[in-house]
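A short worksheet on the structure shown next.
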Ligand SMILES: [Zn+2]
Ligand SMILES: [Zn+2]
């Protein structure tokens, strides 16, 4: 049974999944949280840095952490390509708040996180059992083409930015492609998970959300 620890980095969440043979760090936030993340990762015996996707607020400390911890990092190939050219990210939104987030995100296209090389590519369907944990990688495209989630113990779903909990739980407030994004929300629903851990905002109950949600 793996334990999930949320590491709050301002507006962004990173997570530690602790297994019997090491931990996986999910996402690396922005540079200002470097020292805190480094200390946490050392304490937690991190063996792999896993990225839910390649947006700059989720990869800011990857280069430093890889070097300091001597660990590889993983990402979907589609996002690994776009990371090399952040101006190529595409952002759409269909709500007022989403459009405001898109507007404020435009400036981040100018920002290049320190570059790193991705050593492991995931596309969904893999497990993280080598670290002694019951954790399955799930493709959740839409927010970005290469968005990935991790379903832990069949009940705790780290979903990256496939869903947000900003003001309230919703599907991604901004996205590259709408219809795969909504299919990814269905994928999360159909997993039967109990708790959803989004990249932004607090974890929330899947059952409560899907009982009341008419998505949007
Ligand atoms: Zn994102
Ligand atoms: Zn994000």
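The values are calculated or read from the model by the stated rules, or taken from the named source; none is laboratory data. What you are looking at is a predicted structure, and each value in this text was computed from that prediction instead of being measured. Reconstructed Cβ throughout: ideal geometry from the backbone, glycine too, with neighbour counts over all protein chains shown.
Taken together, the residues in region 50-70 that are surrounded by 17 or more Cβ atoms within 10 Å (Cβ to Cβ) and either within 16 Å of ligand 2 (Cβ to nearest atom) or in a loop (DSSP other than H, G, I, E, B) (or both) amount to 13. Figure legend. Inter-residue proximity from region 35-57: first residues over 22 Å from residue 128 (Cα atoms) and more than 16 Å from ligand 1 (Cβ to nearest atom), second residues assigned to a strand (DSSP E or B) and at pLDDT 95 or above, beta-carbon distance below 8 Å, spacing 6+ or different chains. Indicated pairs: 36/7; 36/9.
Of all residues being exposed (fewer than 14 other Cβ atoms within 10 Å of the Cβ) and without any contact (Cβ under 8 Å) to a residue 60 or more places away in the chain in region 71-92, which is nearest to residue 119 (Cα to Cα)? Just the residue, please.
If we take residues in region 71-92 being exposed (fewer than 14 other Cβ atoms within 10 Å of the Cβ) and without any contact (Cβ under 8 Å) to a residue 60 or more places away in the chain, then 84 is nearest to residue 119 (Cα to Cα).
With the condition being within 13 Å of ligand 1 (Cβ to nearest atom) and either surrounded by 14 or more Cβ atoms within 10 Å (Cβ to Cβ) or touching a residue at least 40 places away in the same chain (Cβ under 8 Å) (or both), I'd like the strands (runs of 3 or more DSSP E) fully within region 99-178 carrying at least 1 qualifying residues.
On the way: elements: 135-139, 148-152, 156-160, 163-166, 168-171.
Where strands (runs of 3 or more DSSP E) fall fully within region 99-178 and carry at least 1 residues being within 13 Å of ligand 1 (Cβ to nearest atom) and either surrounded by 14 or more Cβ atoms within 10 Å (Cβ to Cβ) or touching a residue at least 40 places away in the same chain (Cβ under 8 Å) (or both), they are 148-152, 156-160, 163-166, 168-171.
Would you call residue 28 within 16 Å of ligand 2 (Cβ to nearest atom), in contact with a helix residue (DSSP H, G or I) (Cβ under 8 Å, 6 or more places away or on another chain), outside any loop (DSSP other than H, G, I, E, B) and closer than 15 Å to residue 114 by Cα? Taking the combined requirement at face value, the residue does not satisfy it.
What are the residues in region 179-203 that are outside any helix (DSSP H, G or I) and within 16 Å of ligand 2 (Cβ to nearest atom), if any? Selection gives 196, 197, 198, 199, 200, 201, 202, 203. Taking the conditions (1) more than 26 Å from residue 209 (Cβ to Cβ); (2) within 16 Å of ligand 1 (Cβ to nearest atom); (3) in contact (Cβ under 8 Å) with a residue 40 or more places away in the chain in turn, residue 95 satisfies each one other than (1).
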